[in-house]
Amino acid sequence: MQEFDPRRPTLRIAPRLLMGVAGFAALALGWRLTAAEATAPTPAPLDPTAIAALQHAAFTQAEAQPGFARPESIPVKILPGETFEAAVKRAGVTADEAHQVVQTLAETMDTVHIKAGMMFDAAIAHPRGERGPARLIGLSLRTGPATAVTVSRTFDGALRLRELEEKVREEQTVAQGEINGSLYESATALGATPEITAQMVKLFSHKVDFDRDIKPGDKFELVFNRQVTESGRTVEAGDLQYAQIKGIRFYRFERHGDVEYFDEFGKNIKGFLLRTPVDGAHMTSGFGMRRHPILGYNRMHQGIDFGAGMGTPVLAAGDGVVVEARRWGGYGNWLRIRHNDGWETGYGHLSRYASGLKAGQHVRQGQLVAYVGSTGASTGPHLHYETWFRGARVNPISAKVPQGTVLGGSELAAFRSEKARIDKLVGAQDQAQARINPEPAPRRLALAQADPVVNAGLRR
């Protein structure tokens with residue numbers, strides 16, 4: 001029989017095994033970040049496999065506490081006016097435990113100036129028999145798009161602080177999907193940022209009415225550069241390289257130092273004037289005779305009205321010079337922009353103008369120039385939009401507005417080369433999806449990193 005040697009430490013397998021299982025299972029904590037802004041869509045959650053790998057590395061030393069049941073993960077949001085300690089205590093632990101964990105976190109982050117709405121996950125273990133206070137086994141919170149902080153309790157009761165950071169790589173993404181909900185929600189599910197989606201909306205505003213033309217199930221495609229974490233979270237996105245929706249395709253192309261977008265034939269998609277100078281609005285009143293909602297009798301309505309919420313951004317319909325930015329009778333706050341070849345556009349009932357906007361200022365198509373309001377003779381927030389040609393008002397919808405430029409010569413050849421490269425990327429993604437999903441799927445969403453060999457030529 002082997003003799004007992006007091007100098008040799010006893011190997012306690014059971015507690016450490018229990019430690020690994022309980023610590024890992026309890027702290028399946030998504031490292032979720034700080035307060036999301038109300039106007040922006042919520043970022044997509046981390047991939048479950050990536051979460052498991054990261055948390056296993058973070059909590060492999062966390063050990064189960066003797067006399068306590070299996071921990072449970074509790075999500076906590078910091079309330080307005082609430083301290084970090086109070087939020088931790090609200091998870092179900094004592095004031096001493098809350099103070100201890102916040103003091104530990106203070107070694108690596110500011111725990112005093114905490115924003116309301118910040119999220120964290122706490123792993124709480126209750127004593128067997130439900131006698132006595134609960135114990136904090138671990139806590140995790142995201143501190144950035146690719147970073148998180150975790151605190152875990154070891155077998156002897158001490159708290160261990162760890163900082164996690166995912167690697168960030170650059171890639172070109174081909175995103176293909178269908179409208180399921182809003183365009184912003186559908187694009188976000190494919191890894192696009194709100195900025196990328198906004199670029200797409202502005203790009204198609206010449207051709208598509210997003211309020212009436214887009215339907216659930218409509219297919220769309222995006223190609224864009226992005227910085228992405230190991231778990232697939234987009235940290236930052238670059239310019240939109242290509243977009244397609246309802247069979248309409250636009251390609252990014254640089255000429256004379258400016259970035260422009262062209263259709264597959266090399267025609268500049270930037271029409272002379274925008275079809276809708278306010279994002280997400282719907283037309284509430286057309287051009288022509290109507291019964292005036294305030295005056296009560298029929299009169300000519302010499303523009304079109306777009307229903308939109310108070311403060312919605314108003315965009316310049318085309319390149320031009322601000323002629324008027326002043327109060328004008330029933331139009332309230334009025335803005336008029338002069339474009340080329342005898343064309344002008346007018347914007348009425350504005351709540352306010354863009355910062356610094358004044359007469360004589362040059363503006364570009366799509367530039368923020370004002371905000372929707374209800375000034376003047378108005379029954380509620382909306383934009384009154386007019387189009388003028390050689391001094392006479394014309395119907396903004398039916399007016400024959402000049403089209404954009406068409407590439408030719410060496411520029412057209414360079415554009416075709418760029419278009420062929422983008423088409424190759426999209427085609428490769430189509431083939432990859434066909435192999436993965438041989439049967440048609442009506443709501444399929446696909447996201448894949450493009451071939452890195454092909455990608456090398458895309459980055460400028």
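The values are calculated or read from the model by the stated rules, or taken from the named source; none is laboratory data. Computed from a predicted structure; not experimentally measured. So basically every Cβ, Gly included, is an ideal-geometry build from the backbone, and we count neighbours across all protein chains shown. Surface accessibility is based on the protein's heavy atoms, side chains included, excluding ligands, DNA and RNA. Shrake-Rupley method; radii C 1.70, N 1.55, O 1.52, S 1.80 Å.
Quick rundown of the values:
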item: Those lysines that a straight Cα-Cα span of less than 28 Å connects to residue 115, excepting residues fewer than 8 apart in one chain; result: 77, 89, 167
item: With every protein chain in place, segment 72-134: carbon and sulfur % of accessible area (1.4 Å); result: 52
item: Estimated FRET transfer efficiency (residue 338, residue 169; beta-carbon r; R0 56 Å; 0.05); result: 0.75
item: Virtual spin-label span in nm between residue 246 and residue 115, 7 Å along Cα→Cβ; result: 3.6
item: For peptides 410-420, 140-150, sequence by mean Cβ density within 10 Å, most packed first; result: 140-150, 410-420
item: Candidate lysines for bridging to residue 419, where Cα separation is under 21 Å - those fewer than 8 sequence places away on the same chain excluded; result: 202, 207, 219, 246, 267, 270
item: Accessible carbon and sulfur surface of segment 170-217 relative to its total accessible area, %, 1.4 Å; result: 50
item: Most to least accessible of 249, 131, 352 (protein chains only, probe 1.4 Å); result: 131, 352, 249
